[in-house]
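A.B. asks: Encoded as structure tokens, here's the structure I'll be asking about.
The values are calculated or read from the model by the stated rules, or taken from the named source; none is laboratory data. Since the structure is predicted, the reported quantities are computational estimates derived from the model, not experimental observations. Note that we place each Cβ from the backbone using ideal geometry, even for glycine, and neighbour counts take in every protein chain shown.
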Amino acid sequence: MEKKSNFLGKLLSGFTAGVTIGVFVSLFVNVVLKTEYYSPATPKLVESLGSNLSTLVNFLLYGFIGIGSVFSTSIFNIESLSLLTKTILHFLVVQLIVFLVSLVLDWVESYFIFVLPISIVIYIVIWILFFLQQKKDINSLNDGLKKQK
């Protein structure tokens, strides 16, 4: 029962985080583009699906990105892989999900111009922070072992 509860918790938290981040990103994009009214969807998607349905599709797919991101963190539990390998694998999984969503939501151009480069920078910064933390932890363990001798 605990695994089922954990699974549902990850599902809900991933979906919620994805929608929340997606809404804030779409708000930011609307502000930057100085749109007349807020729309999370591209004009092309609104034209083909209508305003309400395109908004719903966007929110559902934002949630899908969040779910994929949360579940792909299990890659970091594979002890036989280096931190760099885990980070690259996670990056590739998340980017594949985001790219597939960008195909549906008509973001492909924006994906390559903005999303991918920003994601690369974010992953590099996070990897450096994790690396420095692991290095600190290893040094602390080594110091503890030296004191025991």
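A.B. asks: Please go through segment 17-50 and pick out each residue that is surrounded by 14 or more Cβ atoms within 10 Å (Cβ to Cβ) and over 22 Å from Ile118 (Cβ atoms).
C.D. replies: Selection gives Val46, Leu49.
A.B. asks: Tally the residues that are more than 13 Å from the chain's Cα centre (by Cα) and farther than 20 Å from Thr16 by Cα, restricting the search to segment 69-87. Walk me through it before giving the result.
C.D. replies: From segment 69-87, those more than 13 Å from the chain's Cα centre (by Cα) are 74-86; that's our starting set.
Applying the additional criterion that residues be farther than 20 Å from Thr16 by Cα yields 75-86.
Number of matching residues: 12.
A.B. asks: Okay, moving on. Give the number of residues within segment 76-88 that are within 22 Å of Phe15 (Cα to Cα) and either modelled with pLDDT of 95 or more or surrounded by fewer than 14 Cβ atoms within 10 Å (Cβ to Cβ) (or both).
C.D. replies: The qualifying residues number 1.
A.B. asks: Could you list all residues from segment 93-149 that are under 17 Å from Val25 (Cβ atoms) and among the β-branched types (Val, Ile, Thr)?
C.D. replies: Across segment 93-149, the qualifying residues are Val94, Ile97, Val98, Val101, Val104, Val108, Ile113, Val115, Ile118, Ile120, Val121, Ile122.
A.B. asks: Search segment 105-123 for residues that are without any contact (Cβ under 8 Å) to a residue 60 or more places away in the chain and pair each with any residue that is loosely packed, with under 14 Cβ neighbours inside 10 Å and part of a helix (DSSP H, G or I) when their beta-carbon atoms are under 9 Å apart and the residues are at least 6 apart or on different chains.
C.D. replies: Partner pairs satisfying both residue conditions: Tyr111/Leu103.
A.B. asks: Could I ask something else about it? Within segment 129-149, can you find the residues that are surrounded by fewer than 11 Cβ atoms within 10 Å (Cβ to Cβ) and either closer than 16 Å to Asn58 by Cβ or under 21 Å from the mean Cα position of the chain (by Cα) (or both)?
C.D. replies: Within segment 129-149, Leu129 is the sole residue that qualifies.
A.B. asks: Tally up the residues in segment 7-37 that are of a type in the set (Lys, Arg) and at pLDDT 90 or above, please.
C.D. replies: Number satisfying all stated conditions: 1.
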